[in-house]
Amino acid sequence: MEIDFEKMGGLVPAIIQDATTKNVLMLGFMNQEAYKKTMDTKLVTFWSRSRNCLWTKGETSGNYLHLVSIQSDCDNDTLLIKVNPDGPVCHKGTDTCWGDTNKCNPVEFLSELQDFINKRKEEMPENSYTTSLFRKGINKIAQKVGEEAVETVIEAVGGTNEQLVYEGADLIYHLIVLLSAKGMRIETLANELAKRHNPNWDKARRIKKSQE
């Protein structure tokens, strides 16, 4: 990766993003030495403009930024660095330098779950419930989705909210297994819903139906 350190007198901005939550945590600056040390140690290191020296984030507080990946922008003069933080990032004790709480959007966990299920499908470890589902094949997985859907409906009509959440979670899990078995992802359904949310979608659907 070619990085242009010359535009800002040897420095480039480094945007720090949590690899899991996708939240922006802070902005720092790197020179070539800081970049090299970051790559060598896998701990994000900056160039301090106030102290004129290198500083590895967390060397005093213990809240290190563990490197996941580094990307350069289209002009090769700004870095996007994805990390796993050990704790709060800001020197004021907040999760981010903007005072935001660094929490994952629970809906985004569905993508993580999809990745996990896909990994199970690829590796097929023994003594795994997910593995057992894949081994039973599409028909049995689809049947299981149907069973979980019925149980969800039963809890919605005559059960408790707590049990509704429990059965609904089971339904979504088995649906993702089914999607994985078919070579699809939960994002495929999200994209379909996003299309339907478009005000022009229903109009286009009606036109298509009239032409069939």
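Take the conditions basic (K, R) and either over 30 Å from A19 (Cα atoms) or outside any helix (DSSP H, G or I) (or both) and apply them to K121. Does it pass? Considered against the rule, which asks whether it is basic (K, R) and either over 30 Å from A19 (Cα atoms) or outside any helix (DSSP H, G or I) (or both), K121 comes out as no.
Residues to consider are K36, K92; find the one that is at pLDDT 95 or above, more than 15 Å from D18 (Cβ to Cβ) and open to solvent by 50 Å² or more (accessible area, probe 1.4 Å). Sole residue among the options that is at pLDDT 95 or above, more than 15 Å from D18 (Cβ to Cβ) and open to solvent by 50 Å² or more (accessible area, probe 1.4 Å): K36.
Here is the figure for segment 125-162: residues that are part of a loop (DSSP other than H, G, I, E, B) and closer than 30 Å to T21 by Cβ total 2. Could you look through segment 95-111, keep only residues that are of a type outside the set (A, V, I, L, M, F, W, C) and without any contact (Cβ under 8 Å) to a residue 24 or more places away in the chain, and pick out the one that is surrounded by the fewest Cβ atoms within 10 Å (Cβ to Cβ)? Looking at residues that are of a type outside the set (A, V, I, L, M, F, W, C) and without any contact (Cβ under 8 Å) to a residue 24 or more places away in the chain, I get P106.
Between a residue in segment 13-24 that is open to solvent by 20 Å² or more (accessible area, probe 1.4 Å) and any residue that is assigned to a loop (DSSP other than H, G, I, E, B) and hydrophobic (A, V, I, L, M, F, W, C), which pairs come within a Cβ distance under 9 Å, given they are 6 or more apart or on different chains? Note: pairs meeting the criteria are T20/C104; K22/C104; N23/C104; V24/C97; V24/W98.
Quick check on segment 27-50. Is at least one of its residues farther than 25 Å from M8 by Cα and of a type in the set (D, E, K, R)? No, every residue in segment 27-50 fails to be farther than 25 Å from M8 by Cα and of a type in the set (D, E, K, R).
Would you check if there is a residue in segment 168-183 being basic (K, R), modelled with pLDDT under 95 and open to solvent by 100 Å² or more (accessible area, probe 1.4 Å)? There is no residue in segment 168-183 that is basic (K, R), modelled with pLDDT under 95 and open to solvent by 100 Å² or more (accessible area, probe 1.4 Å).
Within segment 122-134, residues that are under 21 Å from V145 (Cα atoms) reach partners that are among the polar types (S, T, N, Q) and open to solvent by less than 20 Å² (accessible area, probe 1.4 Å) with beta carbons closer than 6 Å, at six or more positions or on different chains, in the pairs M124/T131.
The values are calculated or read from the model by the stated rules, or taken from the named source; none is laboratory data. Since this is a predicted model, take the numbers as computed values, not measurements. Note that we place each Cβ from the backbone using ideal geometry, even for glycine, and neighbour counts take in every protein chain shown. Calculation scope for accessible area: heavy atoms of the full protein, side chains included, ligands and nucleic acids excluded. Shrake-Rupley method; radii C 1.70, N 1.55, O 1.52, S 1.80 Å.
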